[in-house]
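Working notes, structure below.
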Number of protein chains: 2
Amino acid sequence: MTEQKANDNYNDITITTASDQVFVDMRREIVQGTIEQGSKISEPELAKRYGVSRATLREALNRLESCYLVERKANVGCRVVALTAERLIEVYQVRSALEGLACRLAADNMEPQEVQGLKQLLNQHLQTQRVKEGESYYQEAGDLDFHYRIIKGSKNAHLIHLLCNELYQLIRMYRVQMGMAGPRVSKAFDEHLAIINAIENHDGELAEMLMKRHISASQANIQTKFDLHAAKK
Amino acid sequence: MTEQKANDNYNDITITTASDQVFVDMRREIVQGTIEQGSKISEPELAKRYGVSRATLREALNRLESCYLVERKANVGCRVVALTAERLIEVYQVRSALEGLACRLAADNMEPQEVQGLKQLLNQHLQTQRVKEGESYYQEAGDLDFHYRIIKGSKNAHLIHLLCNELYQLIRMYRVQMGMAGPRVSKAFDEHLAIINAIENHDGELAEMLMKRHISASQANIQTKFDLHAAKK
DNA sequence: TGAATTTAGATTGTCGACAATTAATAACGT
DNA sequence: ACGTTATTAATTGTCGACAATCTAAATTCA
């Protein structure tokens, strides 16, 4: 298991209430595997652990359900989602379609300065990547930043919410728990570059195609880790 | 405003708890406009009206938020979503991508008998449509059935949930409140037929393209009503 | 002994009341 | 008279307790 630290709050939530805090905390623990996948969630137990009432905890559980990290059955309770190969495929099919759309829209809607910022970001990643070889956290964070910026560049609020707030935590959960390091780093960099170019040229169709392909490759990569992980047991 | 009756529970929810009931009831009222768009939701007031406690009502509100029918701000409260032209475009862009994907998957994964059932359904719609001219409810229900079956034919559980449980109620809200009748009936029928044929031939690419186009046309149709509606005021 | 039923325990769903925050009204000063 | 600051009222967030339901252990019967 790769070490993960701080700054898991990628989507910009402002924490005001107690349930906000519990939601963010639990989300991190689930994504990182501290609360392990497939495990049953006891409301009284966790409420005590976080020092809040059950009502507050249930509020957080509802939010976690909205981003697919827990599943609920009436009168039975919550369970942390189980990471299966089937679900990975399903989620990535959806992700591919949505992020492809985001990329196509971004080609039309991103401001020139946003595109420049994206380029700079990529250069930074190239450098830090050379320095911190094999440190998977920076890679994950960097890749995430890249995708987030493009998604937000689509300027479609509904799409942004769907991807950044709802779907991405589940995707992160797969990536973190499968352990994303491996030899795909340089390839991913080239793919990112090609996508930026397409966006800069306002070639939406190409940008969409490249992004879909990029995500498919990413899926294949995780799939490999998954099978490896399954074979070990 | 077109008259809407019974059977609004298109997605198969089994109602076990009290909050389930309130959720379904409120959802219907919001979609139909009984609780009007953009209006503030008073928790004490509605709790009294449905004869439940605030905790139960809040549970329902959380679920309504998950399917984009209400929006929440911390320490301020809930508001029914406002139907704007911008949001319509955003939602339909997402819908187009997702249902296009569903259609492509359906071309691979639907059983022959499911395809047959779809054909029969379309024939029924053709007949009932001739009889009940201008009755928009049957049209809406029919169209919905058609789309639902294809979505479920994708066999992608995540995609099915995303479309049927989360997104579709909002789409229905637009359709119902804008008043879907109009001359697009026969055209839509032809488009449906072409989609079925593509699915039957296992031509996923074509099926996806046709579905996307079909949805774009549907969007344009609603857009027109929307502008008309806005001009009236 | 094994399967079905009953019973006991624990968990979730629901309620009413209190605390914290916001929105609306009134008071105040310039 | 107008803008600003207090004060009040209402609303949301949170809590602890009770009721309904499920799970699992114990009992009964074949």
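Volume per residue for the protein assembly as shown equals 165 cubic angstrom (convex hull of Cα atoms).
Pairing chains B and A buries close to 2200 square angstrom of accessible surface in total, based on protein heavy atoms and a 1.4 angstrom probe.
For an R0 of 41 angstrom, estimate the FRET efficiency from the Cβ-Cβ distance between A:Ser53 and B:Glu29 and round to the nearest 0.05. My answer for the efficiency is 0.85. Could you work out how far helix B:54-66 tilts from the main Cα principal axis of chain B, as a 0 to 90 degree angle to the nearest 10? Approximately 30 degrees, to the nearest ten. Helix A:204-232 and the longest principal axis of the C-alpha atoms of chain A enclose an angle of approximately 50°. Equivalent ellipsoid of chain A: semi-axes from √(5λ) of the C-alpha gyration tensor, largest first, are 32, 20, 17 Å.
Angle of helix B:85-109 to the longest C-alpha principal axis of chain B, folded into 0 to 90 degrees and rounded to 10: 50°. Using a 1.4 Å probe over the heavy atoms of the protein chains, calculate the carbon and sulfur portion of the accessible area of segment B:20-139 as a whole percent. The C+S portion of the solvent-accessible surface of segment B:20-139 is 45 percent. Going from the isolated chain to the complete set of protein chains, segment B:81-116 loses at least 20 Å² of heavy-atom accessible area (1.4 Å probe) at B:Glu90, B:Gln93, B:Val94, B:Ala97, B:Leu98, B:Leu101, B:Leu105. Our estimate of slack between B:Ala220 and B:Gln116, defined as 0.36 nm per intervening residue step minus the Cα-Cα distance, is 34.5 nm.
Centroid-to-centroid, using Cα positions, segment B:20-68 and segment B:155-177 are 18 Å apart.
Taking all protein chains into account, the per residue accessible area for chain B stands at 47 Å² (1.4 Å probe). Between B:Leu228 and A:Glu200, the modelled label-to-label distance comes to 4.7 nm, taking each label 7 Å out from Cα in the direction of the beta carbon. Can you pick out the pairs among A:Lys187/A:Lys212; A:Lys40/B:Lys73; A:Lys119/A:Lys187; A:Lys152/A:Lys212; A:Lys73/B:Lys73 whose Cα atoms lie more than 20 Å from each other? Listed pairs above 20 Å: A:Lys40/B:Lys73; A:Lys73/B:Lys73. The GNM of chain B, with springs linking C-alpha atoms under 10 angstrom apart, assigns the highest mean-square fluctuation among B:Ile171, B:Ile196, B:Ile151 to B:Ile171.
For B:Thr16 and B:Thr128, what does the FRET efficiency come to when R0 = 35 Å and r is the distance between their Cβ atoms, rounded to the nearest 0.05?
0.55
Counts of other chain beta carbons within 10 angstrom of each beta carbon in peptide B:54-65 average 2.
Other protein chain C-beta atoms within 10 Å of residue C-beta, averaged over B:151-160: 3.
The values are calculated or read from the model by the stated rules, or taken from the named source; none is laboratory data. All of these numbers come straight from a predicted model, not from anything done at the bench. All Cβ positions, glycine included, derive from the backbone under ideal geometry; neighbour counts span all protein chains shown. Side chains are part of the model used for accessible areas, which takes the heavy atoms of the whole protein and leaves out ligands, DNA and RNA. Shrake-Rupley method; radii C 1.70, N 1.55, O 1.52, S 1.80 Å.
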